[in-house]
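The values are calculated or read from the model by the stated rules, or taken from the named source; none is laboratory data. Remember, predicted model here, so these are calculated numbers, not experimental data. Glycine gets a Cβ as well: all are built from the backbone with ideal geometry, and neighbour counts include every protein chain shown.
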Amino acid sequence: MPPRKSNTLTEAELRLMRMLWARGGESAVADLVAAMPEGETLAYTSVLTTIRILEQKGYVRHRQEGRAFLYSPCVAEHEASRSEVRHMMRRFFGDSRERLLLSLLGDDEIDPDELDRLKQAIAEARERSAIAATGKGGLAAASVRPEPTEDAQ
């Protein structure tokens, strides 16, 4: 039985996707080869193979102009990153957001500013969740307030 194909991005695929996202429109394989950063150059055939894999995975599409194929991303960068996080969450954390976040919070490298931003994001998510649960924005939004931070006290 052949190995199952993964829809996650390898490092080489992610490098090409970042180039496509940064470039905006369409790019020929030769354009991508020429735009490779110094020291990270790849052969034309390697870029072509990788871009074809990205197309099979549904990350890029192409159109033909003359003899050239022009490739463009069909998945936005934020969508790809969300998909990768969901994959990691399923694979390593039993599909539990809580276990994922607790793992991140247990990291000694997290700084107080990051913690403050996380608190704010959790408060905003709580408010959105309450609004969605009621199906209306009025009463639920007024009754759910983020807890004050130390700065506000």
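When the criteria are applied in full, Gly25 meets the requirement of being in a loop (DSSP other than H, G, I, E, B), in contact (Cβ under 8 Å) with a residue 24 or more places away in the chain and surrounded by fewer than 16 Cβ atoms within 10 Å (Cβ to Cβ). A single entry from Arg90, Arg99, Arg52, Arg18 fulfils the requirement of being outside any strand (DSSP E or B) and more than 30 Å from Leu115 (Cβ to Cβ): Arg52.
Do you know which of the residues in the stretch 3-57 that are among the β-branched types (Val, Ile, Thr) and under 23 Å from Arg90 (Cα atoms) is modelled with the lowest pLDDT?
Thr8
Candidates in the stretch 64-87 are the residues that are part of a helix (DSSP H, G or I) and among the aliphatic types (A, V, I, L, M); of these, the one that is farthest from the chain's Cα centre (by Cα) is Val85. One residue stands out in the stretch 95-153 among those that are of a type in the set (Ser, Thr, Tyr) and either surrounded by fewer than 11 Cβ atoms within 10 Å (Cβ to Cβ) or closer than 21 Å to Val85 by Cα (or both): the one that is modelled with the highest pLDDT, namely Ser96. The set of residues in the stretch 29-80 that are without any contact (Cβ under 8 Å) to a residue 40 or more places away in the chain, under 14 Å from Arg15 (Cβ atoms) and touching a strand residue (DSSP E or B) at 6+ places or on another chain (Cβ under 6 Å) contains only Ile51. Across the stretch 71-79, a minimum of one residue is classified as at pLDDT 95 or above, closer than 27 Å to Val33 by Cβ and of a type in the set (S, T, N, Q).
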